[in-house]
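Taking it in order: structure first as structure tokens, then the write-up.
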Amino acid sequence: MDKMTRAIELMQNHKLEEAAKLFTEAIDENPKDPLGYINFGNLLVHLNEFERAERFFNRAIELDSEAGTAYYGLGNVFYEQKSYTKAQKQYLVAIEKGLDEADVHFMMGMTFIHQEYVKLALPYLLRAAELNPDDVDIQFQYGLCLAQNGQIEDAEQTMNRVLQLEDQHSDAYYNLGVVALYKEDAETALNYFNKALDINKEHALASHAKAQVEQALK
């Protein structure tokens, strides 16, 4: 196993100091390989060392202007600092450079969500959901975005998909309760809110919604 592969494995196992040492050695041995800078940049993002991470990603781009993962990493630097417009620009370049992976489309969609541009978010979250149908977070955020765009039936189907993937997802049950209320089915809504609270007794939204429904049913 080469140093780069070993370092990535260490990073995935949260052994960050050991990973950093190996990434440094790999870069020293192959200073013209952009992959080393990209991987080290990803590590630095995990450590919230955003200025250093930005420098590493920019160095990778200097070495290979077509490296889509470098632009994606740079987007993550800005996203983590809540600079969503800057993040969007980098994610878009990454996609234009051919990076057609669920993560980049998901993050692009989330930049729009944070700015409350739900219509602009939808196609990116759709693409992410298509590329990774088994990712709970992606499916959940896609379902939320569908609901926010008024596509209630599709949102309901997607939330049920979330529960197929993770049957203890309290937020999915809560949102199915909201869908049921939209359909004026208070009894079903109450059932979903109760399920959310069975999983998470601290679910404030479900608790509040349950109280309102119970009051209305009286």
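Is it true that Asp154 is within 25 Å of Thr69 (Cβ to Cβ) and not small (Gly, Ala, Ser)?
Details: within 25 Å of Thr69 (Cβ to Cβ): no; not small (Gly, Ala, Ser): yes.
Criteria not met by Asp154.
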### Query
In the stretch 27-84, what residues are within 16 Å of Val104 (Cα to Cα) and of a type in the set (Phe, Trp, Tyr)?
Phe57, Tyr71, Tyr72, Phe78, Tyr79, Tyr84
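Check the stretch 98-106 and report whether any residue there is over 30 Å from Ala20 (Cβ atoms), in a helix (DSSP H, G or I) and either of a type outside the set (Phe, Trp, Tyr) or under 16 Å from the mean Cα position of the chain (by Cα) (or both). Quick ask: steps written out before the conclusion?
Looking only at the stretch 98-106, we keep the residues that are over 30 Å from Ala20 (Cβ atoms), and these are none.
Checked the stretch 98-106: no residue is over 30 Å from Ala20 (Cβ atoms), in a helix (DSSP H, G or I) and either of a type outside the set (Phe, Trp, Tyr) or under 16 Å from the mean Cα position of the chain (by Cα) (or both).
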#### Entry: Residue, nearest to Ala189 (Cα to Cα), within the stretch 134-176, restricted to residues that are outside any helix (DSSP H, G or I) and in contact with a Leu (Cβ under 9 Å, 6 or more places away or on another chain)
His169
### Query
List, please: which pairs have Cβ atoms under 7 Å, are six or more places apart or on different chains, and start with a residue in the stretch 133-159 that is more than 15 Å from Phe106 (Cα to Cα) and end with one that is in a helix (DSSP H, G or I) and of a type in the set (S, T, N, Q)?
Ala147/Asn175; Thr158/Gln139; Met159/Asn175
### Task
Sort out which residues of the stretch 140-163 are of a type in the set (S, T, N, Q) and over 18 Å from the mean Cα position of the chain (by Cα), and write them in order of number.
Asn149, Gln151, Gln157, Asn160
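Name every residue in the stretch 198-209 that is touching a residue at least 24 places away in the same chain (Cβ under 8 Å) and assigned to a helix (DSSP H, G or I), in order of residue number. It would help to see each step written out before you state the result.
Here is the first cut: in the stretch 198-209, the ones touching a residue at least 24 places away in the same chain (Cβ under 8 Å) are 199-200, 203, 205-206, 209.
If the condition is that a residue be touching a residue at least 24 places away in the same chain (Cβ under 8 Å) and assigned to a helix (DSSP H, G or I), then Ile199, Leu205, Ala206, Ala209 are the ones that fit.
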### Task
State all residues of the stretch 162-218 that are surrounded by fewer than 16 Cβ atoms within 10 Å (Cβ to Cβ) and among the aromatic types (Phe, Trp, Tyr); if no residue qualifies, say none.
Tyr182
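Every number in this text was worked out from the coordinates using simple rules, so none of it is lab data. Note that the structure is predicted; figures quoted are calculated from it, not measured. Note that each Cβ is placed from the backbone with ideal geometry, even for glycine, and that neighbours are counted across all protein chains shown.
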